[in-house]
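Colleague: Could you have a look at this structure, given as structure tokens, before my questions?
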Amino acid sequence: MATLLLADHHEDHLGDATAKALTAAKQIGSPVHILVAGRAPQGAAAEAAKLDGVEKVLVASGEQYAHGLAEPFTDLLLGLIDGYDALVASSSTTGKNILPRVAAKLDMMQISDISKVEGPDTFERPVYAGNALQTVRSTDAKKIVTVRTAAFAAAGEGGSAAIEEVSAAGDPGLSSFVGEALTESDRPELGSAKIIVSGGRALGSAEKFKEVIEPLADQLGAAIGASRAAVDAGYAPNDQQVGQTGKVVAPQLYLALGISGAIQHLAGMKDSKVIVAINKDEEAPIFQVADYGLVADLFTAVPELKEELAKA
Ligand code: FAD
């Protein structure tokens, strides 16, 4: 059962999401080929070729692939799909943009955000903000699947796949890229950070959020996250929101500071390896998922934590 994996990449580098989606792709069926499409994606293709378990890397170059527009990508994928039984991408903005269009054009079912592969046609996926798991069996001839990468370990390196250029499909002219506004930051990216320090409504103001959360994140080399209440109140920017309507993360360490642990927040972070919560309410639901919980006022506990970390 041949599987085509659409790579996530930033300019010349392969995103971490590809190595994780590859683990799912291999479980769905092999051989696995990776498609790397972009303006000049040769560097990312070379990185893809080194991933373990990849038979071939297909490269499509062209300006029409520079911004993940669904229309040109769909034409490219429809031209390649005949040789494959499954098409896989990560549940990133790009994957979620492209694969449903491919599925619709093929008149097949889109299977979104899988968290487990039970077999070549059977997948598990979270529903109701992660409160229930749905098992989906597809009878379609091809499986069109996006992968919740936080649920899969990254495939290792050690491969030496062949790299093959494929002809670009041209631009159907149905959409055009207008612009993007990116936040410049030296911090690790929230989606792939190993440590995340997250703040909630308890911080009380944007100034306090900055004053308490940022130095701790700096000390730990961590990304900064926030609850929706903190974002809605203007304490933290929108792109820091973790949860059902924010980013889904699974770092090695997640610190939840003054966050109650509403199900919509848990939906975005409960797969974190180690969860540490500081909350002054011992009944806060966050303690039900926390590996380490401290019932304390964060405004005294965080400075103490910083002091101890400085000694370590
Ligand atoms: P609160 O629930 O107000 O909790 C603040 C916590 O801080 C309390 O537990 C309190 O005991 C504690 N506290 C107060 N002062 C201190 C102190 N000094 N020291 C220590 N602890 C203190 N939320 C998300 O986070 N992400 C989402 O993606 C998201 N999506 C949503 C989607 C929908 C459709 C809906 C309806 C809601 C969504 N929400 C989401 C909102 C969610 O339901 C909660 O309202 C939100 O997560 C609460 O944020 P919070 O924990 O910061 O605030």
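Throughout, read-outs are computed from the coordinates displayed, never taken from laboratory work. Small disclaimer: the values here were computed from a predicted structure and weren't measured. Virtual Cβ from ideal backbone geometry, glycine too; neighbours counted across all protein chains shown.
Colleague: What trypsin sites (Lys or Arg not before Pro) does the range 216-276 have in DSSP loop regions with at most 15 other beta carbons within 10 Å?
Modeller: Loop-located and lightly packed - Lys273.
Colleague: Just how far, in whole angstrom, is the range 150-180 from the range 93-126 if you go by their alpha carbon centroids?
Modeller: Cα centres, the range 93-126 to the range 150-180: 17 Å.
Colleague: While we're on this one: With both bridge residues required to lie in the chain, what share of the DSSP beta bridges run antiparallel, to the nearest 5%?
Modeller: Counting only bridges with both partners in the chain, antiparallel ones make up about 20 percent.
Colleague: Right, another one. Taking the Cα centre of the range 5-56 as origin, work out the dipole magnitude from +1 charges on Lys and Arg Cβ and -1 charges on Asp and Glu Cβ, in debye rounded to 20.
Modeller: Values: 5 positive and 7 negative charges, 33 e Å.
Here the range 5-56 has a charge dipole of around 160 debye.
Colleague: When N is the residue count of the range 45-99, what does its C-alpha Rg come to as a fraction of 2.2 N^0.38 Å? Let's see the in-between values first.
Modeller: On the way: Rg = 11.9 Å, N = 55, 2.2 N^0.38 = 10.1 Å.
For the range 45-99, the normalised Cα radius of gyration comes out at 1.18.
Colleague: Per-residue ellipticity at 222 nm for the chain, helices alone: DSSP H runs ≥ 4 residues times -39500 (n - 2.57), over residue total, nearest 500 deg cm²/dmol? Please report the intermediate quantities before stating the final value.
Modeller: On the way: 9 runs with 91 residues, N = 312.
Helix-only estimate at 222 nm: -8500 deg cm²/dmol.
Colleague: To continue, here is another question. Would you kindly calculate the translational diffusion coefficient of the chain, applying Stokes-Einstein with the Kirkwood radius from alpha carbon pairs, for 25 °C and a viscosity of 0.890 mPa s, and quote it in µm² s⁻¹ without decimals?
Modeller: Numbers: Rh = 20.6 Å.
In µm²/s, the coefficient rounds to 119.
Colleague: When N is the residue count of the range 237-296, what does its C-alpha Rg come to as a fraction of 2.2 N^0.38 Å?
Modeller: The reported ratio for this selection is 1.02.
Colleague: Highest mean first, how do 194-200, 300-306 rank when packing is the count of other Cβ atoms within 10 Å averaged over residues?
Modeller: Final packing ranking: 194-200, 300-306.
Colleague: Kirkwood Rh over Cα pairs of the range 50-196 into Stokes-Einstein at 25 °C, 0.890 mPa s: D in µm²/s?
Modeller: So the translational diffusion coefficient is about 142 µm²/s.
Colleague: Let me ask another. Based on C-alpha coordinates, I'd like the Rg and Dmax of the range 1-43, in Å.
Modeller: Spelled out, the Cα radius of gyration and Dmax of the range 1-43 are 10.6, 30 Å.
Colleague: Something else: I'd like the distance between the alpha-carbon centres of the range 38-92 and the range 232-251, rounded to an integer number of Å.
Modeller: Each part's Cα centre sits 29 Å from the other's.
Colleague: Length gain on complete extension for the stretch Leu174 to Leu78, per 0.36 nm per residue less the alpha carbon to alpha carbon distance?
Modeller: Working: separation 96, 0.36 × 96 = 34.56 nm, distance 1.60 nm.
Here the answer is 33.0 nm.
Colleague: Moving to a separate point now. Could you give the angle, 0 to 90 degrees to the nearest 10, between helix 70-80's Cα long axis and the longest principal axis of the Cα atoms of the chain?
Modeller: Tilt of helix 70-80: around 50 degrees.
Colleague: Per residue, how big is the convex hull around the C-alpha atoms of the range 135-229? Give it to me in cubic angstrom, could you?
Modeller: It comes to 277 Å³ per residue, whole-number rounded.
Colleague: What is the ratio of the Cα radius of gyration of the range 175-312 to 2.2 N^0.38 Å, with N the residue count, to two decimals?
Modeller: Numbers: Rg = 14.6 Å, N = 138, 2.2 N^0.38 = 14.3 Å.
Here the Cα radius of gyration is 1.02 times the empirical estimate.
Colleague: Throw me the Rg/Rh for the range 116-162, computed over C-alpha atoms with Kirkwood Rh, two decimals.
Modeller: We get a ratio of 1.07 for the range 116-162.
Colleague: For the range 138-231, build the charge dipole from Cβ charges (+1 Lys, Arg; -1 Asp, Glu) around the Cα centre, then report which of Ser227, Ser176, Gly158 sits farthest towards its positive end.
Modeller: The listed residue farthest towards the positive side: Ser227.
Colleague: Cα axis of helix 298-311 to longest principal axis of the chain: angle in degrees, 0 to 90, nearest 10?
Modeller: So the inclination is approximately 80 degrees.
Colleague: By how many degrees, between 0 and 90 and to the nearest 10, does the Cα long axis of helix 16-28 differ from the longest principal axis of the chain?
Modeller: 60
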